[in-house]
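J.: Got a structure here, written out as structure tokens. Questions coming.
Values in this text are rule-based calculations from the coordinates and carry no lab data. This one's a predicted model, so the numbers in the text were calculated from it and none came from an experiment. Backbone-built Cβ (ideal geometry, glycine too); neighbour counts: all protein chains shown.
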Amino acid sequence: MAAADSNGEMTDTGKPNPQTEAGKAKPQAVKQPQEPDRFEKARLEKLEKIESLGHDPWGQRFDSHQSILAAREQVPAESGVTGASVRIAGRIMLRRKAGKLRFYDIKDQTGRIQLLFSRGDLTEEQWELMGAVDLGDLIGVDGHTWRTDAGEPSVKVTQLTVLCKSLTQPPEKFHSVQDEETLLRQRYLDLIYNDGVLDRMLQRSKILDSIRQTLRSHRFNEVETPVLHSIAGGAAARPFTTHHNALDMELYLRIALELHLKRLMVGGIERVFEIGRVFRNEGVDRTHNPEFTMIEIYQAYGDYRSMMDLTEELIVNAAKCLGNSLLIPWGEDGDTVDLTPPWPRRTYADLFREHAGCDLTDTDAVIATAKRLGIEVEGTHPDVIVSEVFEATVEDHLRGPVFVMDYPASICPLTKRKRDNPAVAERFELFIRGMELANAYTELNDPRLQEQLFLTQLEGQDEEDSMAKMDHDFVKALKVGMPPAGGLGIGIDRLVMLLTNSRRISDVIFFPLHRHAE
């Protein structure tokens, strides 16, 4: 039986819809629309003018238009020469007048161009229509390309079409948006009025396309796995929780992609990847957002060294797809990052000894170093202390790109141990300018050891703080047999930060999380 619509009385199970029960919450009073300010009133008057001239202020389809970039390529090299006939559309960003001429600048996602309106080229009705459009309006024009005496690429307009009337005054009298809160809450203004923001966001799409192309060239298969998990596993993170009403069960927004992708390897997909959103109920800072994008990649019959080679190739190809050299800018002080492979490979133990000044196996020395650094040691597991000392003393020195490899096995519950040294896990992390970009393992496929590590990891820890949850079904899958494999995770947002020279993760996410407006 088909489900009723959202206003129907019955669900597809034939049971009463809980929303129709007598105990449901009373509807809130509907808020009245806010009174328009003087700017909106002026624009509403112009909207009425557009309607009086017989035009739809909200526009209709505008077929056969081309990009502004394509139109600019058809502008004659010499001034005063009529060029090709073009049809373009965009948002009005600037306007000025000179006698019987009007100059408007419009932009689309490919660029910007000047429009030239001459009273002699337009009907009286079209001239009035032009006077009724404002900064921020979306318009379409037909005309011919032209280069002014000053050398400015232009379009001489012969026909104007209104595509959408904007009722909002552009911010700060048409200058760039600077207020941080405005940028976070109204990203569309950031995209429209701040130069470079739209380009950066479109570069993000190019980076994702490059990653997919590289992986396809190596015969990897892209899949989708569940976002709602019954067990929050696969990473050291606190999950967001939710409740499924129909099944009456607690669920978690995924904190990693790993365990489902490994199940698919058990099922026979030997090279698999997913680009997906993951959610971690943790803090917000320069490199962290609670909702972010990851790619996880698994290659049967590989190991963590296979993943190092693949990581280099993915990032190098992504940098090249943006048209950059492999010497990319970082920051505003002339710093650069050289992505030319091969990248250095350093062991965790060597770096710890070099920068912390002691051996990570010397517990007393590690604790003394932690106390000197102000790190809490009472009631803290020694392995956690080692990790925190590493973060405090080593990571800022990892200018990179550098692969930090061979981590302590005790902090890597899903990783295969080295055969000649079980205290060391075959794991690496990629650091560039102190920022972790990638994390990879030789995957653990021994179900007995995996079950034991799950239990060890859970000992003495609060349920919400445990790094890995006991996943009995995953252990059952490993018993069927998972091939030896290398696994890799890359933070897409941080990679985009690196390749677009952006210092904050909020600069490369369309809609980063922020507090409610007060």
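J.: Over segment 39-169, what is the mean sequence separation of C-alpha contacts under 8 Å (at least six apart), divided by residue count, expressed as relative contact order in percent? Please list the in-between numbers first.
T.: Details: 287 pairs, mean separation 41.5, N = 131.
After rounding, I find 32 percent.
J.: So how do Lys479, Lys100, Lys165 line up by other beta-carbon neighbours within 10 Å, fewest first? It would help to have the intermediate numbers written out before the result.
T.: On the way: Lys479 14, Lys100 10, Lys165 23.
Ascending Cβ contact count within 10 Å gives the list Lys100, Lys479, Lys165.
J.: When the dipole is taken about the Cα centre of segment 39-169, and only Lys, Arg (+1) and Asp, Glu (-1) are charged at their Cβ, what size is it in debye, to the nearest 20? Provide the component values of the computation, followed by the final result.
T.: On the way: 19 positive and 19 negative charges, 69 e Å.
Around 340 debye, computed over segment 39-169.
J.: Now, a different point. Counting other Cβ atoms within 10 Å, which GluC sites (Glu not before Pro) in segment 291-343 have at most 15 and lie in a DSSP loop?
T.: Hits after loop and neighbour filter: Glu332.
J.: Just in segment 354-402: which GluC sites (Glu not before Pro) are loop by DSSP and have at most 10 other Cβ atoms within 10 Å? Before the final figure, lay out each step's value.
T.: Numbers: sites: Glu354, Glu376, Glu378, Glu388, Glu391, Glu395; in loops: Glu376, Glu378.
In loop regions of segment 354-402 (DSSP not H, G, I, E or B), the sparsely surrounded GluC sites (Glu not before Pro) are Glu378.
J.: Now a separate question. Hey, fewest Cβ within 10 Å first, where do Asp364, Asp350, Asp121 land in order? Please list the in-between numbers first.
T.: On the way: Asp364 8, Asp350 13, Asp121 16.
With the sparsest Cβ surroundings first, the list reads Asp364, Asp350, Asp121.
J.: What is the Cα centroid distance between segment 225-252 and segment 38-115, reported in whole angstrom?
T.: Computed from Cα coordinates, the inter-centre distance equals 50 Å.
J.: Going by amide H atoms built from the backbone, whose H comes under 5 Å of the H on Tyr407, apart from near neighbours?
T.: Residues meeting the criterion, in which the H sits 1.01 Å from N, are Ala425, Arg427.
J.: Can I ask one more? Could you point to the residue in Ala84, Thr145, Gln109 farthest towards the positive end of segment 39-169's charge dipole, with +1 and -1 charges on the Cβ of Lys/Arg and Asp/Glu respectively?
T.: The one lying farthest along the dipole's positive direction is Gln109.
J.: Can you give the local net charge around Ser166? Use residues other than it whose beta-carbon is closer than 11 angstrom to its beta-carbon, Lys and Arg +1, Asp and Glu -1. Show your work: numbers first, answer last.
T.: Working: positive: Arg43, Lys46, Arg91, Lys165; negative: Glu40, Asp134, Asp137.
Neighbourhood net charge equals +1.
J.: With θ taken as phi - 60° and the coefficients 6.51, -1.76 and 1.60, list the Karplus ³J(HN,Hα) couplings across segment 56-70 in order, rounded to whole Hz; mark glycine and proline as x.
T.: So the Karplus estimates, Gly and Pro as x, are 7, x, 9, x, 9, 4, 10, 6, 6, 7, 10, 6, 5, 4, 5 Hz.
J.: Tally Lys/Arg at +1 and Asp/Glu at -1 over every other residue whose Cβ is under 9 Å from the Cβ of Tyr298; what's the total? Kindly include the intermediate steps, with their values, before the conclusion.
T.: On the way: positive: Lys262, Arg271; negative: Glu258, Glu270, Glu296, Glu443.
Once positives and negatives cancel, what remains is -2.
J.: Same structure again: So what's the gap between the Cα centers of segment 287-328 and segment 153-173, to the nearest angstrom?
T.: 41 Å
J.: May I pose another question? Once you keep just the Cα pairs under 8 angstrom separated by 6 or more residues, what percentage relative contact order results for the chain? It would help to have the intermediate numbers written out before the result.
T.: Working: 929 pairs, mean separation 60.7, N = 518.
Once divided by the residue count of the chain, the mean separation gives 12 percent.
J.: Ok, one more. Answer with one residue from Val197, Phe511, Thr393: the one whose Cα lies farthest towards the positive end of the charge dipole of the chain, charges on Cβ with Lys, Arg +1 and Asp, Glu -1.
T.: Towards the positive end, the residue furthest out is Val197.
J.: Taking N as the number of residues in the chain, what is its Cα Rg relative to 2.2 N^0.38 Å? Each step should come with its number before you reach the end.
T.: Details: Rg = 29.2 Å, N = 518, 2.2 N^0.38 = 23.7 Å.
Compared with the compact-globule rule of thumb, the chain sits at 1.23.
J.: Which of Val141, Val480 has the fewest other C-beta atoms within 10 Å, and how do the rest follow up to the most?
T.: Details: Val141 25, Val480 10.
Going from sparsest to densest Cβ surroundings: Val480, Val141.
J.: Can you compute the equivalent ellipsoid semi-axes for segment 39-169, i.e. the square root of 5 times each eigenvalue of the Cα gyration tensor, sorted largest first and rounded to whole Å? Show your work: numbers first, answer last.
T.: Details: eigenvalues 116, 47, 35 Å².
The answer is 24, 15, 13 Å, longest axis first.
J.: Under 5 Å between amide hydrogens, which residues at least 5 positions from Val402 or on another chain qualify, with H placed 1.01 Å from N in the peptide plane?
T.: Phe431
J.: Further, regarding this structure: With a/c under 1.5 counting as rounded, go ahead and sort segment 228-286 into rounded, prolate or oblate using the C-alpha gyration tensor (a ≥ b ≥ c being the square roots of the eigenvalues; past the cut-off, prolate if a/b is larger than b/c, else oblate).
T.: Values: a/c = 2.66, a/b = 1.26, b/c = 2.10.
Oblate, because a/c is 1.5 or more while a/b does not exceed b/c.
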